[in-house]
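In what follows, a structure is listed as structure tokens, so that the remarks can point back to it.
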Amino acid sequence: MAQIASEKIIRLLSHSTFFSEVSESSLFHLSQFVTEESFKNNEVVFNKDDEGDAMYVIVQGQVKVHVKDHIYTHLNEGDCFGEYALIDNDVRSASITATKPLTLLKIEHHHFMDLLHKDKNLVKGVLSLLIKRHRELDDIQELLTNSNRALELASSKTKGLIEGAMDAIIMFDSKFRIVLTNPSANELLENNDTIQRNILFFFDEPSAKIIESIISSEDKTLLDNHLPEILKVIGSNETETLNEGTISQYGTENETFYTLILRNINERLKAEEKINLLTKQTEYLTEEIRFLTNDHGITAEDNSMKSVLKQIDQVAKTNATVLVTGETGTGKELIARAIHKNSTRNDKALIRINCGAIPHNLIESELFGHKKGAFTGATSDRKGRFLLADKGTIFLDEIGEMPLDLQPKLLRVIQEGEFDPVGSSKTIKVDVRIIAATHRNLLQHAQNGKFREDLYYRLNVFPIEVPALRNRGNDVCHIATEMIQQLSSKLNKPYLELSESAKRLLTSYHWPGNVRELQNLVERALIVSQDGRINWQSIIPAESNIIENNIDQAQEKILTTKQLVQLEKDNILKALRLTHWKISGKNGAAELLKMKPTTLASRIKALAIERPI
């Protein structure tokens with residue numbers, strides 16, 4: 001290659017960093033040995049591990065410094081490379097390739113070494129540069145040392161933060177292999193040797209799928225965010241915990257890592273369940289207080305009702321199961337409340353449920369609770385009435401309406417004190433006192449195959465029969481008086497005393513709806529009262545209307561012979577009760593039924609009708 005003009009070479013060399021401290025006279029001597037070389041785009045100047053025999057200065061163009069595909073940097077016009085080849089012949093530490101059409105000045109090793117022996121100024125200039133670079137290296141080394149100290153301190157702080165964190169911190173790679181855990185994570189996973197293990201093995205299947213879906217999803221908003229659902233972790237000792245947390249991503253183009261931070265929420269969920277349970281118990285207690293402050297008590301002047309109160313006192317202090325029977329509206333729930341109030345469980349809740357008011361497909365869940373997903377619509381766990389009544393009392397009203405297929409489960413609670421919520425295999429133990437009530441003849445119901453006989457005998461430990469209002473003598477008047485006193489204030493009406501004629505009307509009426517019907521009629525009477533007077537005859541239904549209504553209803557239905565006999569028997573019994581079992585004479589049952597007294601007596605005998613003692 002041809003030599004170029006010395007002035008141009010001197011100018012180019014003086015602007016290069018390696019010769020910046022060399023005098024112009026020395027550069028003139030050096031320029032005599034400089035040659036020019038050209039390279040095309042992507043042409044290699046030299047390769048890594050080639051012998052170092054020359055230094056180069058870029059006149060025009062650009063090169064890349066690289067090892068294979070990894071590029072360290074790019075050099076441009078005025079930059080130099082391969083300087084150390086002037087001093088030694090060590091192999092090249094990297095490859096140099098042109099990235100644009102390239103023109104270089106080349107200074108060969110042997111020419112430079114010859115000149116060093118002849119030109120002391122050149123030696124001085126090169127030494128000045130090396131000393132300058134050494135001082136810069138000292139400064140860089142000091143900065144590096146300070147940086148290392150700062151890095152060690154930051155690393156120590158980060159380690160302390162991670163090691164001391166109460167939350168479990170787990171780092172894993174793109175193949176789900178664990179690369180780092182903190183002590184809390186080891187405790188959660190119940191394993192101190194988790195490195196390189198698959199993190200998915202520590203989750204149940206649904207939770208593992210959540211992690212996999214987040215990592216594989218194209219929706220990157222799922223990363224660096226809270227987990228969409230609660231995860232179930234299964235430790236090496238099979239301990240299951242529910243956890244919430246976050247997941248984030250970090251790394252390089254070639255390798256990606258993920259950080260999973262988990263917080264055990266088992267205790268929080270238990271606390272929430274306890275709060276929910278206490279909230280529901282509070283609701284029931286509030287409702288119970290409302291009932292206790294608004295009911296009319298149990299008025300018992302008649303001996304039949306006094307006998308019931310005596311039975312309440314006998315059984316209340318025990319834990320015996322009680323079966324309360326009686327017609328609709330006789331106050332069976334008041335009996336249950338009185339038993340609970342006088343029991344040793346009166347500081348706990350009395351939980352009520354009407355078995356006839358809940359659809360058959362929901363009553364099991366209502367009584368025993370269910371787990372989330374147990375059936376369509378079960379979006380969360382639910383505590384059943386039996387669990388709410390734990391250590392207290394449960395009142396099962398209209399027990400005769402309970403579905404036959406659910407009765408064995410109730411029998412198990414009575415016998416064993418345990419049950420399984422719907423959709424759960426976990427058995428729950430409870431301590432509950434059971435009071436049941438029905439308007440049906442449960443024994444007859446059992447004999448007809450509509451109620452389990454063994455359940456009947458389990459419930460019928462201590463039976464209490466509440467007499468019908470029509471069989472309680474003057475109790476109807478006393479109850480009506482108490483109702484008037486309480487309802488007058490509620491309805492902003494003046495208090496009205498019962499007249500003798502009103503009392504006769506009340507005691508003569510047969511009260512098919514019992515106390516509930518009496519309450520409704522008293523409230524209606526007070527509402528329509530005028531000038532402090534009540535027309536009780538317009539309030540209390542006439543017997544003739546009742547008979548006509550019964551006939552109309554009977555005409556709409558075809559009755560069997562057995563039903564006709566029962567209808568006749570019930571009709572005669574109503575007439576006898578209404579006339580206080582007077583058969584003949586004025587205002588007797590025969591007159592009311594428009595039949596001869598002898599005929600009525602014959603029918604009473606044929607139908608085996610007996611007057612109660």
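The values are calculated or read from the model by the stated rules, or taken from the named source; none is laboratory data. In this text, all values refer to a predicted model and were calculated from it rather than measured experimentally. Heads up, the Cβs are rebuilt from the backbone with ideal geometry, glycines too, and the neighbour counts pull from every protein chain shown. When the accessible area is computed, the model is the full protein with side chains, heavy atoms only, and any ligands, DNA or RNA have been set aside. Shrake-Rupley method; radii C 1.70, N 1.55, O 1.52, S 1.80 Å.
Show me the helices (runs of 4 or more DSSP H) found entirely inside the stretch 430-497 where at least 3 residues are not assigned by TED's automatic domain parsing to the domain that holds ILE339.
In the stretch 430-497, the matching helices (runs of 4 or more DSSP H) lie at 475-490.
From VAL565, VAL466, VAL528, which residue is aliphatic (A, V, I, L, M) and at pLDDT 90 or above?
It is VAL466.
Output the number of the condition that MET595 fails; it satisfies all remaining conditions of (1) outside any loop (DSSP other than H, G, I, E, B); (2) modelled with pLDDT of 85 or more; (3) touching a helix residue (DSSP H, G or I) at 6+ places or on another chain (Cβ under 9 Å); (4) of a type outside the set (Ser, Thr, Tyr).
In the conditions (1) outside any loop (DSSP other than H, G, I, E, B); (2) modelled with pLDDT of 85 or more; (3) touching a helix residue (DSSP H, G or I) at 6+ places or on another chain (Cβ under 9 Å); (4) of a type outside the set (Ser, Thr, Tyr), MET595 misses (1) alone.
Restricting the stretch 335-363 to residues that are open to solvent by 50 Å² or more (accessible area, probe 1.4 Å) and part of a helix (DSSP H, G or I), which is farthest from GLU401 (Cα to Cα)?
LYS341
When the residues of the stretch 50-76 are filtered to those that are part of a loop (DSSP other than H, G, I, E, B) and touching a His at 6+ places or on another chain (Cβ under 9 Å), which remaining residue is least open to solvent (accessible area, probe 1.4 Å)?
GLY52
Could you list, in sequence order, the residues of the stretch 1-31 that are touching a helix residue (DSSP H, G or I) at 6+ places or on another chain (Cβ under 7 Å) and either of a type in the set (Val, Ile, Thr) or not in a helix (DSSP H, G or I) (or both)?
ILE9, ILE10, SER20, GLU21, VAL22, SER23
So which residues in the stretch 98-127 are in contact with a strand residue (DSSP E or B) (Cβ under 9 Å, 6 or more places away or on another chain) and farther than 14 Å from LEU86 by Cα, if there are any at all?
Scanning the stretch 98-127 gives ALA98, THR99, LYS100, PRO101, LEU102, THR103, LEU104.
Please specify each residue of the stretch 194-249 satisfying the condition of being assigned to a strand (DSSP E or B) and not polar (S, T, N, Q).
PHE203, HIS226, LEU231, LYS232, VAL233, ILE234, GLU240, LEU242, GLU244, GLY245, ILE247
With respect to the numbered conditions (1) modelled with pLDDT under 80; (2) assigned to a strand (DSSP E or B); (3) not basic (Lys, Arg), which one is the sole condition not fulfilled by PHE291?
Against the list (1) modelled with pLDDT under 80; (2) assigned to a strand (DSSP E or B); (3) not basic (Lys, Arg), PHE291 comes up short only on (2).
Just to check your reading of the model, which residue among GLU244, GLU218, GLU240 is more than 19 Å from the chain's Cα centre (by Cα) and free of Cβ contacts under 8 Å to residues at least 60 places away in the same chain?
After ruling out the rest, the residue left standing is GLU218.
Run VAL22 past the list (1) in contact with a strand residue (DSSP E or B) (Cβ under 8 Å, 6 or more places away or on another chain); (2) modelled with pLDDT under 90; (3) among the β-branched types (Val, Ile, Thr) and report the number of the one that doesn't hold.
So VAL22 meets the others, but not (1).
Going by the conditions given, is THR246 closer than 30 Å to LYS391 by Cβ, open to solvent by less than 80 Å² (accessible area, probe 1.4 Å) and in the same structural domain as ASN182 (by TED's automatic domain parsing)?
No, not satisfied.
Please go through (1) over 27 Å from ILE335 (Cβ atoms); (2) open to solvent by 60 Å² or more (accessible area, probe 1.4 Å) for HIS370 and return the number of the only condition it doesn't satisfy.
Of the numbered conditions (1) over 27 Å from ILE335 (Cβ atoms); (2) open to solvent by 60 Å² or more (accessible area, probe 1.4 Å), the odd one out for HIS370 is (2).
On the given criteria, is THR393 loosely packed, with under 15 Cβ neighbours inside 10 Å and assigned by TED's automatic domain parsing to the domain that holds THR438?
Here the answer is no, as THR393 does not meet what is asked.
Checking the structure you have, find out if any residue of the stretch 462-471 is open to solvent by 30 Å² or more (accessible area, probe 1.4 Å) and either β-branched (Val, Ile, Thr) or on the phi > 0 side of the Ramachandran plot (or both).
Within the stretch 462-471, none of the residues are open to solvent by 30 Å² or more (accessible area, probe 1.4 Å) and either β-branched (Val, Ile, Thr) or on the phi > 0 side of the Ramachandran plot (or both).
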